[in-house]
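Q: Right, I'll just put the structure down here and ask away after.
The values are calculated or read from the model by the stated rules, or taken from the named source; none is laboratory data. Note that the structure is a prediction, hence the values are computed from the model and not measured. Positions of Cβ are backbone-derived with ideal geometry, glycine not excepted, and every protein chain shown enters the neighbour counts.
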């Protein structure tokens, strides 16, 4: 299974929001600049995530986006499912898709793909934005030189 650009960018952007949001909304233009992701693309991703209840928006001066819930309550799995859809390595392993497969009654590998998808989903659901933010902060500390500049 390969996570698309859409999934990778969404995780990076929401992680950026978690790390830089604090008490005020973050404009997408700032995230776009820091993450080198097109503003137009971010708008599409954040509209999806807003409809899914992962982020909230505030219009006007001082507006932008903020997390809808605590970073400890949002998982990477939540973000990936929102922008990518079900987390399954093959379509026939998704719930409700097996009936559309002409080999469903005789397929010896469907259980394998379902188990693999479940393991991937469980792993992604076990990683929270808070944990990612803590790892990112630790990485930033180790890449700083003594004078405070990045290596």
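Q: Could you list, in sequence order, all residues of region 27-53 that are in contact with a strand residue (DSSP E or B) (Cβ under 7 Å, 6 or more places away or on another chain) and closer than 20 Å to residue 128 by Cα? Full working, then the answer.
A: Residues of region 27-53 that are in contact with a strand residue (DSSP E or B) (Cβ under 7 Å, 6 or more places away or on another chain), as a first pass: 27-28, 46, 49-50.
46, 49, 50 - these are the residues of region 27-53 that are in contact with a strand residue (DSSP E or B) (Cβ under 7 Å, 6 or more places away or on another chain) and closer than 20 Å to residue 128 by Cα.
Q: Now for a separate question. Would you check which residues across region 92-125 are modelled with pLDDT of 75 or more, in a helix (DSSP H, G or I) and surrounded by fewer than 15 Cβ atoms within 10 Å (Cβ to Cβ) and list them?
A: Across region 92-125, the qualifying residues are 106, 111, 112, 115, 118, 119, 122, 123.
Q: Within region 7-30, work out how many residues are touching a residue at least 60 places away in the same chain (Cβ under 8 Å) and farther than 14 Å from residue 54 by Cβ. Spell out how you get there, then give the answer.
A: Our first condition is that a residue be touching a residue at least 60 places away in the same chain (Cβ under 8 Å); within region 7-30, this holds for 7, 10-11, 14-15, 18-19.
Filter once more, so that each one left must be farther than 14 Å from residue 54 by Cβ: 19.
The qualifying residues number 1.
Q: Could you tell me which numbered condition residue 9 fails, if it satisfies all but one of (1) at pLDDT below 95; (2) not in a loop (DSSP other than H, G, I, E, B)?
A: In the conditions (1) at pLDDT below 95; (2) not in a loop (DSSP other than H, G, I, E, B), residue 9 misses (1) alone.
Q: Could I ask something else about it? Looking only at residues in region 51-63 that are in contact (Cβ under 8 Å) with a residue 12 or more places away in the chain and over 18 Å from the mean Cα position of the chain (by Cα), which one is farthest from residue 20 (Cα to Cα)? Steps first, please.
A: The first filter runs over region 51-63 and keeps only residues in contact (Cβ under 8 Å) with a residue 12 or more places away in the chain, leaving 52-58, 62-63.
Narrowing further to those that are over 18 Å from the mean Cα position of the chain (by Cα): 58, 62-63.
Working: 58: 16, 62: 14, 63: 14 Å.
The selected residue is 58.
Q: Those residues that are more than 17 Å from residue 133 (Cβ to Cβ), touching a helix residue (DSSP H, G or I) at 6+ places or on another chain (Cβ under 9 Å) and not in a helix (DSSP H, G or I), I need them from region 54-86; list them, please.
A: Result: 56, 57, 64, 86.
Q: Another question, then. Looking only at region 92-106, decide whether some residue is in contact (Cβ under 8 Å) with a residue 60 or more places away in the chain and more than 30 Å from residue 39 (Cβ to Cβ). Can you show your working first?
A: Our first condition is that a residue be in contact (Cβ under 8 Å) with a residue 60 or more places away in the chain; within region 92-106, this holds for none.
No - not one qualifying residue is present in region 92-106.
Q: Which of the following residues is farther than 12 Å from residue 13 by Cα and surrounded by 16 or more Cβ atoms within 10 Å (Cβ to Cβ): 71, 66?
A: On the way: 66 fails: farther than 12 Å from residue 13 by Cα.
From the options 71, 66, the qualifying one is 71.
Q: Follow-up. Among the numbered conditions (1) out of contact with any strand residue (DSSP E or B) (no Cβ under 8 Å at 6 or more places or on another chain); (2) over 20 Å from residue 133 (Cα atoms), tell me where residue 6 comes up short.
A: Here residue 6 meets the rest and fails (2).
Q: Another one. Checking residue 24 against (1) surrounded by fewer than 17 Cβ atoms within 10 Å (Cβ to Cβ); (2) more than 22 Å from residue 126 (Cα to Cα); (3) at pLDDT 95 or above, which test does it fail?
A: Going through (1) surrounded by fewer than 17 Cβ atoms within 10 Å (Cβ to Cβ); (2) more than 22 Å from residue 126 (Cα to Cα); (3) at pLDDT 95 or above one by one, residue 24 breaks only (3).
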